[in-house]
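K.L.:
Following this message is one structure expressed as structure tokens.
Read the figures in this text as sums done on the coordinates, not as results from a lab. This structure is a prediction, so every number in the text was calculated from the model and none was measured. No Cβ is skipped: glycine too gets one built from the backbone with ideal geometry, and neighbour counts run over all protein chains shown.
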Amino acid sequence: MTFTERFDTFVCEGDSITCEAQGFEIIARIVRDDSGDAPDQRQDGFWPSLYKDAPGFIGPGPYHGQRFAKAQAKAEAVMAAWRKDEWFYCGIVLSVALEGVTLDAHAASLWGIEANYPDSDNAYLTEVAQELLPEALDAGFAAARRLCAAFDPSGARA
């Protein structure tokens, strides 16, 4: 059981991939994260530092000034791209359906993931969907059991 499709190298909110697993159709979709916090507000140590006890410390050693300058330039580029809405935080949300009927529209999810992050191919989005697949299947089986329990063997409502 695996996603054979992958998310594109450039994604938009609502993009999805699907797979069949144990009789269920699983849809993994991209949902924009509703937190509007900037990357430097969300990630301790986003900005590089030369101070040993500070988040973002780049470490001692040779060429630390060059490493700092490179890390600073990357952080500035990431922030500039975020401000231009070239990338965004999202959640990967899996839904489970059986024979065209959605059993659980939010069977599993993971949030705070970077989509279209500079110099990324978005491969991580597909990896997250794959890692969430067992949880979504568990939710699908649980929903199917609840539906079956609602009816007695003659087909009448219990």
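K.L.:
Looking at the calculated P(r) for region 66-107, what percent of the C-alpha pair distances fall above 16 Å? Walk me through the intermediate numbers first.
P.N.:
Values: 531 of 861 pairs.
The calculated P(r) of region 66-107 puts 62 percent of pairs beyond 16 Å.
K.L.:
Under a 5 Å amide H to amide H cut-off, with H placed in plane at 1.01 Å, what residues pair with residue 110 once short-range neighbours are removed?
P.N.:
Those qualifying (amide H under 5 Å, at least 5 residues apart or on another chain) are 92.
K.L.:
Please report, to two decimal places, log10 I(q)/I(0) for region 39-83 at q = 0.26 Å⁻¹ as given by the Debye formula with identical point scatterers on the Cα atoms and no solvent.
P.N.:
Result of the Debye calculation: -0.92.
K.L.:
Give the order of 12, 90 when sorted by the count of other beta carbons within 10 angstrom, beginning with the fewest. Walk me through the intermediate numbers first.
P.N.:
Values: 12 12, 90 24.
The fewest-first ordering by Cβ neighbours comes to 12, 90.
K.L.:
Of all alpha-carbon pairs in the chain, indicate the percentage at a distance above 22 angstrom.
P.N.:
Summing the P(r) of the chain above 22 Å gives 55 percent of all pairs.
K.L.:
Follow-up question, since we're still on this one. How high is the relative contact order of the chain, in percent, counting Cα pairs under 8 Å that sit 6 or more residues apart?
P.N.:
Once normalised by length, the contact order is 24 percent.
K.L.:
Report, in degrees rounded to the nearest 10, the 0 to 90 angle that the Cα long axis of helix 123-149 makes with the longest principal axis of the chain.
P.N.:
So the helix axis and the longest Cα principal axis differ by about 30 degrees.
K.L.:
Over the C-alpha atoms of region 68-158, what are the Rg and the largest Cα-to-Cα span, Dmax, in Å?
P.N.:
In Å, with Rg to one decimal and Dmax whole: 20.4, 73.
K.L.:
I've got another one for you. Expressed as an acute angle from 0 to 90° and rounded to the nearest 10, what is the orientation of the C-alpha long axis of helix 64-83 relative to the principal long axis of the chain?
P.N.:
Computed tilt is about 50 degrees.
K.L.:
What whole-number value in cubic angstrom gives the convex hull volume per residue for the C-alpha atoms of region 3-68? Before the final figure, lay out each step's value.
P.N.:
Details: hull volume 12.1 nm³, N = 66.
Looking at region 3-68, the number lands at 183 Å³ per residue.
K.L.:
Tally the DSSP beta bridges in region 16-114 and give the antiparallel ones as a percent, rounded to 5.
P.N.:
Numbers: 22 of 23 bridges.
Bridges in region 16-114 that DSSP calls antiparallel: roughly 95 percent.
K.L.:
How charged is the neighbourhood of residue 140? Take every other residue with its Cβ under 14 Å from the Cβ of residue 140, and add Lys/Arg as +1 and Asp/Glu as -1.
P.N.:
Details: positive: 145, 146; negative: 20, 25, 99, 104, 135, 138.
Net local charge, residue 140 excluded: -4.
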